[in-house]
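Colleague: Here it is, the structure in full.
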Amino acid sequence: MDEILNGKTVLAVDDTAVMRMLVADILKPAGVTLLEAASGEQALQRANENAIDAFLLDIRLPDMNGIELCRALRAMERYRNTPIVFVTAMDQREILQWALKAGCDDFIQKPIHAMVLRKRLGNLLQKAAYLKRYKRRGAEAGWHFLVGDKPELDRLTAAVGFRYAWDERTKQWAHPSGVVTLTPQGRISHYLFGIEYAPKDLRLSLVEAAQGNIGTAVDQVLLYCYQYDPATGKYGAAVMRLLRATSVLTVIALAGFILAMWRRERRAHG
């Protein structure tokens, strides 16, 4: 994940020079251009004068606090999706909740662990890059990027059957593309293959995986009439179910017609 840090500009906001120096020692070897600010006002000035790719904020600052600074940054259109991480020794639950409501993305506890800072910041920068390409307002609330060590990733990829290999020629990871839906209990529900997914397939797979906890009554009817094919990773019409559903609807329609005609005849003779 360190490669995503190369060439990025990060603003570290802390009123302690030693802490800013520590952040510089961690990030500069990864190719980060580090800007520094000792106060909220100074940070806003740096943000206006430069294109910042990520912010590292302390909560306690000499003028405005870090939460107020976070709100001010989020109010600026150019930084609406820019990663903001609080690096703080504070652990009061209420204060951290205020920080989340103000728009921060993550917390890192002091003293700083170098690997944790680089991984979490790289993770958020990767997410920001994808959101910038996606160009849909509100998408940031639904995209979650998780990072971990290799043993954890190996267990996860093995559990879902995901295989990948490093291609030295292209300098990229070679891997299949698809979507895996899980039940609320964490069991695999469906695989959708490919790089493009039919809205019907994706919606029905989520409705079925959620075991009826999401979706509308129409979705439940469609789910009854369509069946998931694990060989293709798509939903196809379940012929017998579709015939049964059509038969039931036909009977209901005929019954309604007969009832309407019977009432009409009674009124005509009444």
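The values are calculated or read from the model by the stated rules, or taken from the named source; none is laboratory data. Just so it is clear, the structure is predicted and the values come from calculations on it, not from any experiment. Glycine also receives a Cβ, built like all others from the backbone with ideal geometry; neighbour counts cover every protein chain displayed.
Colleague: I'd like to check something: does the range 241-261 contain any residue that is under 29 Å from the mean Cα position of the chain (by Cα), assigned to a helix (DSSP H, G or I) and at pLDDT 70 or above? Even if it seems obvious, please write down each step before you answer.
Modeller: The initial filter retains those residues of the range 241-261 that are under 29 Å from the mean Cα position of the chain (by Cα), namely none.
Scanning the range 241-261 turns up no residue that is under 29 Å from the mean Cα position of the chain (by Cα), assigned to a helix (DSSP H, G or I) and at pLDDT 70 or above.
Colleague: So, of the residues in the range 1-50 that are part of a loop (DSSP other than H, G, I, E, B), under 30 Å from the mean Cα position of the chain (by Cα) and hydrophobic (A, V, I, L, M, F, W, C), which turns out to be modelled with the lowest pLDDT?
Modeller: Kept after step one, since they are part of a loop (DSSP other than H, G, I, E, B), are these residues of the range 1-50: 1, 6-8, 14-16, 31-32, 38-39, 50.
Still in the list and also under 30 Å from the mean Cα position of the chain (by Cα): 1, 6-8, 14, 31-32, 50.
Filter once more, keeping what is hydrophobic (A, V, I, L, M, F, W, C): 1, 32.
Numbers: M1: 53, V32: 96.
By that ranking, first place goes to M1.
Colleague: Assess whether D201 counts as being surrounded by 10 or more Cβ atoms within 10 Å (Cβ to Cβ), over 23 Å from K119 (Cα atoms) and among the acidic types (D, E).
Modeller: On the way: surrounded by 10 or more Cβ atoms within 10 Å (Cβ to Cβ): yes; over 23 Å from K119 (Cα atoms): yes; among the acidic types (D, E): yes.
Here the answer is yes, as D201 does meet what is asked.
Colleague: Among the listed residues T170, T157, T183, identify the single one that is hydroxyl-bearing (S, T, Y) and over 27 Å from R203 (Cα atoms).
Modeller: On the way: T157 fails: over 27 Å from R203 (Cα atoms); T183 fails: over 27 Å from R203 (Cα atoms).
On inspection, the qualifying residue turns out to be T170.
Colleague: Something else: How many of the residues making up the range 178-192 are touching a helix residue (DSSP H, G or I) at 6+ places or on another chain (Cβ under 9 Å) and either under 30 Å from E3 (Cα atoms) or assigned to a strand (DSSP E or B) (or both)?
Modeller: 9
Colleague: While we're on this one: Would the range 193-202 turn up any residue that is part of a strand (DSSP E or B), without any contact (Cβ under 8 Å) to a residue 40 or more places away in the chain and farther than 27 Å from E3 by Cα? Show your work before the answer.
Modeller: First, the residues of the range 193-202 that are part of a strand (DSSP E or B): 193.
Cutting the leftovers down to without any contact (Cβ under 8 Å) to a residue 40 or more places away in the chain gives us none.
No: the range 193-202 contains no residue that is part of a strand (DSSP E or B), without any contact (Cβ under 8 Å) to a residue 40 or more places away in the chain and farther than 27 Å from E3 by Cα.
Colleague: Free of Cβ contacts under 8 Å to residues at least 60 places away in the same chain and in contact with a Cys (Cβ under 9 Å, 6 or more places away or on another chain): is that true of A43 in this structure?
Modeller: Working: free of Cβ contacts under 8 Å to residues at least 60 places away in the same chain: yes; in contact with a Cys (Cβ under 9 Å, 6 or more places away or on another chain): no.
No: the conditions fail for A43.
Residue-wise test of (1) closer than 30 Å to L192 by Cβ; (2) of a type in the set (A, V, I, L, M, F, W, C); (3) free of Cβ contacts under 8 Å to residues at least 12 places away in the same chain.
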| residue | (1), (2), (3) |
| --- | --- |
| M64 | no, yes, no |
| E68 | no, no, no |
| R71 | no, no, no |
| R80 | no, no, yes |
| V87 | no, yes, no |
| F107 | no, yes, no |
| M115 | no, yes, yes |
| N123 | yes, no, no |
| W143 | yes, yes, no |
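Colleague: Moving on to the next point. Return yes or no: is I67 outside the structural domain of K171 (by TED's automatic domain parsing) and either among the polar types (S, T, N, Q) or closer than 30 Å to D149 by Cα (or both)? Quick ask: steps written out before the conclusion?
Modeller: Details: outside the structural domain of K171 (by TED's automatic domain parsing): yes; either among the polar types (S, T, N, Q) or closer than 30 Å to D149 by Cα (or both): no.
It is false that I67 is outside the structural domain of K171 (by TED's automatic domain parsing) and either among the polar types (S, T, N, Q) or closer than 30 Å to D149 by Cα (or both).
Colleague: List the helices (runs of 4 or more DSSP H) inside the range 77-177, counting only whole elements, that have at least 3 residues being among the charged types (D, E, K, R) and surrounded by fewer than 16 Cβ atoms within 10 Å (Cβ to Cβ).
Modeller: Numbers: elements: 93-102, 114-134, 150-160.
Of the helices (runs of 4 or more DSSP H) lying wholly inside the range 77-177, those with at least 3 residues that are among the charged types (D, E, K, R) and surrounded by fewer than 16 Cβ atoms within 10 Å (Cβ to Cβ) span 93-102, 150-160.
Colleague: Here is a check on your reading of the model: is L73 among the hydrophobic types (A, V, I, L, M, F, W, C), at pLDDT 95 or above and within 20 Å of K132 (Cα to Cα)? Before you say what the answer is, go through the steps one by one.
Modeller: Details: among the hydrophobic types (A, V, I, L, M, F, W, C): yes; at pLDDT 95 or above: yes; within 20 Å of K132 (Cα to Cα): yes.
The answer is yes for L73.
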